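Here the structure comes first, spelled out in structure tokens, and everything after it is commentary.
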Amino acid sequence: MHQDDILLDVQDLRTYFRTELGPLRAVDGVSFTVRKGETLGLVGESGCGKSVTAKSIMQILPKSQAEIVGGSIIYYPEKGEPIDIAVLDPQGPEMRNIRGNEIAMIFQEPMTSLNPVYTIGQQIMEAVQLHQKVDRKTAREIAIEMLERVGIPAPHERVDQYPHEFSGGMRQRAMIAMALSCNPRLLIADEPTTALDVTVEAQIINLLLDLQETYRTSIMMITHDLDVIGDMADRVIVMYAGWVVESGMAKDIFYTPTHPYTQGLMRSNPRIGETKRLIPIRGSVPSLKSLPKGWCYFAPRCDMVQDICAKEEPPVVEVADGHFVKCWRAC
Ligand SMILES: Nc1ncnc2c1ncn2[C@@H]1O[C@H](COP(=O)(O)OP(=O)(O)O)[C@@H](O)[C@H]1O
Ligand SMILES: [Mg+2]
């Protein structure tokens, strides 16, 4: 892979929460890259550290509770030197510039980024004017154009409506419009379709794919839903209990899943699973407080567990070109 293809390079990222019982290792040594123009899927059950990974990249962690304690998040700007986001002041000018102009994020619940007391138009205009030196009239025109681009009908009228006047799917579109109004090079989408019904979900996924084709935006698609990953991702990262347990091209993950956890995810998926009967993975994601260091965190749920899995942390093995698995079985 050519260095010039990389947009974001996350290495050994550790983000811990402070708790009374000691540090909770929500993200515990995560490494991956995002390449220009690609869709990277981040998948794993709820509680695996997907959102904390995204919030670390955006530096929007709850300040008094969570901290990046190690690793690096190197961002490669269009011009100039690479920047390590992990050491930037979350409130400083450099980070604000990255958050506004380079990397944008959309969430499962659009109301976390939309303010109920302002019209949709006012909010997009504010985002536009924060980053571009344009007058109000131009900002309004841009807002209408953005609403049109994300498929909101009658944007001239919709622009003056409040978030509560939009349906869930329309709100999600408005949030995408807001995120894209500053032309980000990376869009992080954290479960953007989880709250929507299937038809609307498909529309939003198509919208994201269209926008990506037009703008060559890289997308980091976070979801617990393998179907969404299958529809969108070029490459896939599988997370479990704060670790990346498997990563590779989407075809590697879907056709030759190698980590027992990934295999379990596939078997428990209604559309992808080959058997008619779905086989859920037994047990559940461990409480991070109870994880013994030096174990494979998946061992208690794993059908293929060996003695060594409870003695030493598994190594990361490249089982095929660009296909990595963190498991003793892969050695
Ligand atoms: N504010 C918080 N305080 C303490 N622990 C948290 C907080 N937010 C998340 N966590 C913990 O961090 C871990 C990862 O959470 P998260 O990244 O939100 O998971 P995911 O997005 O994969 O569902 C979970 O174990 C969760 O309980
Ligand atoms: Mg989450």
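The values are calculated or read from the model by the stated rules, or taken from the named source; none is laboratory data. Source: prediction; values computed, not measured. Methodologically, a virtual Cβ is constructed for each residue, glycine included, from the backbone with ideal geometry; neighbour enumeration extends over all protein chains shown.
Report yes if L13 is more than 14 Å from ligand 2 (Cβ to nearest atom), within 24 Å of W295 (Cα to Cα) and outside any strand (DSSP E or B), otherwise no.
When the stated conditions are applied, L13 does not pass them.
Between residues in the range 252-277 that are of a type in the set (S, T, N, Q) and residues that are at pLDDT below 70 and in a loop (DSSP other than H, G, I, E, B), which pairs lie under 6 Å by C-beta distance while being six or more apart or on different chains?
What qualifies is S268/L278.
Name every residue in the range 170-201 that is among the small types (G, A, S) and either within 16 Å of ligand 1 (Cβ to nearest atom) or in contact with an Asp or Glu (Cβ under 8 Å, 6 or more places away or on another chain) (or both), in order of residue number. Outline the logic, then answer.
Within the range 170-201, the first condition is being among the small types (G, A, S), and the residues that meet it are 174, 177, 179, 181, 189, 195.
A189, A195, listed by residue number.
Looking at the range 16-37, which of its residues are part of a loop (DSSP other than H, G, I, E, B) and either of a type in the set (K, R) or within 9 Å of ligand 1 (Cβ to nearest atom) (or both)?
Within the range 16-37, the subset part of a loop (DSSP other than H, G, I, E, B) is 18-23, 36-37.
Within the range 16-37, R18, T19, K36 meet the criteria.
In the range 180-191, what residues are modelled with pLDDT of 90 or more and at negative phi? First the steps, then the outcome.
Taking the range 180-191 and keeping what is modelled with pLDDT of 90 or more, we get 184-191.
Within the range 180-191, P184, R185, L186, L187, I188, A189, D190 meet the criteria.
Is the range 18-37 home to any residue that is touching a residue at least 60 places away in the same chain (Cβ under 8 Å), surrounded by fewer than 21 Cβ atoms within 10 Å (Cβ to Cβ) and within 16 Å of ligand 2 (Cβ to nearest atom)?
Filtering the range 18-37 for residues touching a residue at least 60 places away in the same chain (Cβ under 8 Å) gives 19, 21-22, 24-32, 34-37.
Filter again for surrounded by fewer than 21 Cβ atoms within 10 Å (Cβ to Cβ), leaving 19, 21-22, 24, 29, 31-32, 35-37.
Still in the list and also within 16 Å of ligand 2 (Cβ to nearest atom): 24.
Yes, there is a match, as at least one residue in the range 18-37 is touching a residue at least 60 places away in the same chain (Cβ under 8 Å), surrounded by fewer than 21 Cβ atoms within 10 Å (Cβ to Cβ) and within 16 Å of ligand 2 (Cβ to nearest atom).
Identify, from the list N183, N115, the residue that is under 23 Å from the mean Cα position of the chain (by Cα), more than 27 Å from V228 (Cβ to Cβ) and outside any helix (DSSP H, G or I). Explain how you work it out, then say what you get.
On the way: N183 fails: more than 27 Å from V228 (Cβ to Cβ).
None of the others qualify; the one that does is N115.
Restricting attention to the range 38-65, which residues are surrounded by 20 or more Cβ atoms within 10 Å (Cβ to Cβ), of a type outside the set (A, V, I, L, M, F, W, C) and part of a loop (DSSP other than H, G, I, E, B)?
Hits for the range 38-65 are G44, G49, Q59.
If you go through the range 66-73 one residue at a time, do you hit one that is within 14 Å of the chain's Cα centre (by Cα) and among the hydroxyl-bearing types (S, T, Y)?
So far as the range 66-73 goes, no, none of its residues is within 14 Å of the chain's Cα centre (by Cα) and among the hydroxyl-bearing types (S, T, Y).
Regarding V134, is this residue part of a helix (DSSP H, G or I) and within 24 Å of E102 (Cα to Cα)?
Values: part of a helix (DSSP H, G or I): no; within 24 Å of E102 (Cα to Cα): yes.
Answer is no for this residue.
When only residues in the range 290-322 that are in contact with a Gly (Cβ under 7 Å, 6 or more places away or on another chain) and not in a helix (DSSP H, G or I) count, which is nearest to P280 (Cα to Cα)?
Pass one, the range 290-322, residues in contact with a Gly (Cβ under 7 Å, 6 or more places away or on another chain): 300-301, 311-313, 322.
Of the ones still in play, those that are also not in a helix (DSSP H, G or I) are 311-313, 322.
Working: K311: 26, E312: 27, E313: 25, G322: 28 Å.
The residue in question is E313.
Taking the condition of being over 17 Å from C309 (Cα atoms), away from ligand 2 (no atom under 16 Å from the Cβ) and either at pLDDT below 95 or in contact with a helix residue (DSSP H, G or I) (Cβ under 9 Å, 6 or more places away or on another chain) (or both), how many residues in the range 232-250 meet it?
Total satisfying the criteria: 7.
If you check A139, A154, which single one turns out to be farther than 30 Å from R25 by Cα, surrounded by 19 or more Cβ atoms within 10 Å (Cβ to Cβ), away from ligand 1 (no atom under 16 Å from the Cβ) and modelled with pLDDT of 90 or more? Before the answer, list the steps.
Details: A154 fails: surrounded by 19 or more Cβ atoms within 10 Å (Cβ to Cβ).
It is A139.
Failed condition for Q3, given (1) away from ligand 2 (no atom under 16 Å from the Cβ); (2) modelled with pLDDT of 95 or more, with all others met?
The failed condition is (2).
Within the range 60-73, is even one residue closer than 23 Å to T223 by Cβ, aliphatic (A, V, I, L, M) and touching a strand residue (DSSP E or B) at 6+ places or on another chain (Cβ under 6 Å)?
So the first thing to find is which residues in the range 60-73 are closer than 23 Å to T223 by Cβ, and the list is 60-62, 66, 73.
The next check asks that each one be aliphatic (A, V, I, L, M); those that pass are 60-61, 66, 73.
This time we only want the ones that are touching a strand residue (DSSP E or B) at 6+ places or on another chain (Cβ under 6 Å), so: 66, 73.
Among the residues of the range 60-73, at least one is closer than 23 Å to T223 by Cβ, aliphatic (A, V, I, L, M) and touching a strand residue (DSSP E or B) at 6+ places or on another chain (Cβ under 6 Å), which makes the answer yes.
Starting from residues that are closer than 21 Å to V316 by Cβ and of a type outside the set (D, E, K, R), keep the ones in the range 38-51 and report whichever is farthest from ligand 1 (Cβ to nearest atom).
Among those residues, the one meeting the criterion is L40.
Tally time: how many residues in the range 251-289 are modelled with pLDDT under 80, in a helix (DSSP H, G or I) and surrounded by fewer than 16 Cβ atoms within 10 Å (Cβ to Cβ)?
Here the count works out to 1.
Among A104, A86, A127, which is the only one that is at pLDDT 90 or above, in a helix (DSSP H, G or I) and small (G, A, S)?
On the way: A104 fails: in a helix (DSSP H, G or I); A127 fails: at pLDDT 90 or above.
Of the residues listed, the single one that is at pLDDT 90 or above, in a helix (DSSP H, G or I) and small (G, A, S) is A86.
Check whether at least one residue in the range 71-91 is of a type in the set (G, A, S), within 16 Å of ligand 1 (Cβ to nearest atom) and farther than 20 Å from P184 by Cα, and report yes or no.
Of all residues in the range 71-91, those of a type in the set (G, A, S) come to 71-72, 80, 86.
Now drop any that are not within 16 Å of ligand 1 (Cβ to nearest atom), which leaves 71.
With the extra rule that they be farther than 20 Å from P184 by Cα, the set shrinks to 71.
Looking for residues that are of a type in the set (G, A, S), within 16 Å of ligand 1 (Cβ to nearest atom) and farther than 20 Å from P184 by Cα, one finds at least one in the range 71-91, hence yes.
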